[in-house]
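Remarks on the structure that follows.
The values are calculated or read from the model by the stated rules, or taken from the named source; none is laboratory data. Predicted model only: the values in this text are computed from it and were never measured. Here Cβ is always computed from backbone atoms with ideal geometry, including for glycine, and neighbour counts include all displayed protein chains.
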Amino acid sequence: MTFENTAEFARQLDATDPLASYREQFHFPSIKGKQVIYFTGNSLGLQPKRTAAYVEEIMEDWRQLAVEGHFYADKPWWDYHERLAAPLSKVVGAKPSEITVMNTLTVNLHLLMVSFYRPTKKRYKILCEEKAFPSDQYMFQSQIKFHGLDVSDTLVEVKKRDGEHYWRTEDILAKIDEVGDELALVLLGGVNYYNGQVFDMETITRAGKAVGAYVGWDLAHAVGNVELALHEWDADFAAWCSYKYMNSGPGNASGVYIHERYHGRTDIPRFEGWWGTKKETRFLMQPQFDPMENADAWQVSNAPVLALAPYLASLEMFEEVGMPALIAKRDLIVNYLEFILKEIDREVDSNFEIITPKERGTQLSVFLHGEGRTLFDYLMEHGVITDWREPNVIRLAPAPFYCSFEDMYRFGQILKKGIRET
Ligand SMILES: Cc1ncc(COP(=O)(O)O)c(C=O)c1O
């Protein structure tokens with residue numbers, strides 16, 4: 001398709017967008033009385049209008065039924081989390097039995113490392129990407145120290161090449177081979193939070209497993225954004241948050257995938273609690289832990305139902321639309337955004353650089369040579385919500401559920417003015 005940098009062309013794309021009606025189903029903030037252009041769905045997705053009713057349902061059940069809501073609410077609380085497994089399994093490409101929802105992301109990655117990072121004298125190293133999301137770095141360091149190991153000897157960070165902004169798959173594979181039988185765990189972000197790169201998860205998973213390591217994924221920036229086939233790729237485990245592309249609210253609950261080969265086993269080390277023991281016998285209050293025969297065995301506490309309600313509301317929308325339709329719009333809108341950026345760069349000779357490689361989801365990270373922080377502030381003041389990452393990067397993620405093509409055009413006009421005026 002040949003794009004044009006005009007309002008008419010952008011409106012035409014909106015007119016033929018099969019997801020256009022979903023934009024009306026989200027709450028948008030306003031700045032100076034005008035609805036914002038929202039580029040930070042990769043940080044906190046917008047609130048779907050239907051979410052409040054899901055939360056109110058729990059509040060009403062709590063008012064009317066109190067403790068009886070656990071078993072007699074329309075959606076009983078004691079197994080409320082099970083409702084999320086089937087729709088989530090489609091989003092991440094897994095079996096429903098391989099999915100559970102609990103806690104928050106870093107907590108879950110820690111819990112998963114209890115099961116899947118079991119260093120021995122010979123096999124103890126962890127491989128990740130350099131400058132992984134800071135919470136992951138702190139998690140690795142603390143896990144390594146917990147096992148009495150030395151961080152610098154244990155953590156293997158794959159670097160980008162000098163002068164390049166992305167990781168090469170061949171460098172990751174070479175590092176996996178080099179560490180070989182010392183490698184205990186490969187754990188990367190499926191999509192890097194900074195440059196928006198989508199890693200070749202299938203190939204990396206295969207390579208990690210070929211040398212005998214466990215392979216897991218932090219899918220915070222991947223879930224609801226890119227195609228995932230965790231089961232088919234044979235990944236051992238994964239976890240993700242629900243507040244970015246999953247639109248489930250600030251700090252909300254985390255999804256977990258655990259390959260079915262680990263289910264129902266009593267020999268896997270795991271930090272356990274009563275929600276992981278079999279439903280049928282849970283309330284007999286017996287001392288013996290009898291694991292659920294699915295990913296729910298990793299559940300620790302009873303489910304935070306008020307937090308799960310927005311997640312369920314959001315998953316209903318993913319069910320309606322499906323990942324293929326979201327991905328089709330994602331590709332069109334991000335390509336259009338890239339075109340607009342290049343047009344503006346040409347028109348005003350602004351000298352910025354898109355550092356996201358072609359393996360991408362909906363995020364474009366733009367390195368601003370020069371204008372930097374003042375331009376970012378100008379955009380925010382003029383109703384463009386984006387985010388700033390040191391030293392000079394803004395991240396633009398047009399979420400396909402609610403961003404319009406006209407937003408991209410309008411953004412381009414504001415950017416052009418901003419470059420001229422700052
Ligand atoms: C890639 C990645 N990992 C981990 C986290 C931490 O998530 P949480 O605060 O829910 O533990 C984030 C948060 O944005 C993230 O983007």
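Kindly establish whether E343 is farther than 25 Å from V91 by Cβ, part of a helix (DSSP H, G or I) and either of a type outside the set (A, V, I, L, M) or modelled with pLDDT of 95 or more (or both). Judged against the criteria, E343 is a match.
Filtered by the rule that a residue be free of Cβ contacts under 8 Å to residues at least 60 places away in the same chain, of a type in the set (A, V, I, L, M, F, W, C) and more than 19 Å from I258 (Cα to Cα), the range 60-96 gives W62, L65, A66, V67, F71, A73. Within the range 97-109, residues that are touching a residue at least 12 places away in the same chain (Cβ under 8 Å) and near the ligand (Cβ under 7 Å from one of its atoms) have Cβ atoms under 9 Å from residues that are in a helix (DSSP H, G or I) and not acidic (D, E) in these pairs: L105/S135; T106/S135; T106/Y138; T106/M139, counting only partners at least 6 apart in sequence or on another chain. Screening G163 with (1) crowded, with 18+ Cβ neighbours inside 10 Å; (2) out of contact with any Lys or Arg (no Cβ under 9 Å at 6 or more places or on another chain) gives one miss only, at (1).
Hey, can you tell me all the residues within the range 138-165 that are assigned to a helix (DSSP H, G or I) and either away from the ligand (no atom under 15 Å from the Cβ) or at pLDDT below 95 (or both)?
To start, the set of residues in the range 138-165 that are assigned to a helix (DSSP H, G or I) comprises 138-146, 151-154.
Within the range 138-165, I144, K145, F146, V151, S152, D153, T154 qualify.
Just wondering, is there one or more residues in the range 80-93 that are assigned by TED's automatic domain parsing to the domain that holds A229, more than 27 Å from E320 (Cβ to Cβ) and away from the ligand (no atom under 15 Å from the Cβ)? Looking for residues that are assigned by TED's automatic domain parsing to the domain that holds A229, more than 27 Å from E320 (Cβ to Cβ) and away from the ligand (no atom under 15 Å from the Cβ), one finds none in the range 80-93, hence no. Just to be sure I understand the filter: pairs with C-beta atoms under 7 Å, separated by 6 or more residues or on different chains, first member in the range 125-137 and part of a helix (DSSP H, G or I), second member more than 10 Å from the ligand (Cβ to nearest atom). Which pairs pass? What qualifies is D136/C128. Contact map, the range 257-273: first residue in contact (Cβ under 8 Å) with a residue 12 or more places away in the chain, second residue assigned to a helix (DSSP H, G or I) and β-branched (V, I, T), Cβ cut-off under 7 Å, separation 6 or more or different chains; pairs are Y257/V92; P269/V114; R270/V114; F271/V114.
Within the range 11-35, being among the aliphatic types (A, V, I, L, M) and either exposed (fewer than 13 other Cβ atoms within 10 Å of the Cβ) or outside the structural domain of W388 (by TED's automatic domain parsing) (or both) holds for one residue alone: A15.
Of the strands (runs of 3 or more DSSP E) lying entirely inside the range 191-283, those containing at least 1 residues that are away from the ligand (no atom under 16 Å from the Cβ) span 214-218, 254-258. Has the range 111-118 got any residue that is assigned by TED's automatic domain parsing to the domain that holds A239, within 16 Å of the ligand (Cβ to nearest atom), of a type in the set (S, T, N, Q) and in a helix (DSSP H, G or I)? No: zero hits. If I filter the range 173-181 for residues that are crowded, with 21+ Cβ neighbours inside 10 Å and more than 16 Å from the ligand (Cβ to nearest atom), do I get at least one hit? Looking through the range 173-181, at least one residue is crowded, with 21+ Cβ neighbours inside 10 Å and more than 16 Å from the ligand (Cβ to nearest atom). Do we find a residue being in a helix (DSSP H, G or I), of a type outside the set (S, T, Y), in contact with a Lys or Arg (Cβ under 8 Å, 6 or more places away or on another chain) and more than 22 Å from L337 (Cβ to Cβ) anywhere in the range 70-85? Yes, the conditions are met somewhere in the range 70-85. Given the condition closer than 27 Å to F271 by Cβ, out of contact with any Phe, Trp or Tyr (no Cβ under 9 Å at 6 or more places or on another chain) and hydrophobic (A, V, I, L, M, F, W, C), answer yes or no: does some residue in the range 89-97 qualify? Checking the range 89-97: not a single residue is closer than 27 Å to F271 by Cβ, out of contact with any Phe, Trp or Tyr (no Cβ under 9 Å at 6 or more places or on another chain) and hydrophobic (A, V, I, L, M, F, W, C).
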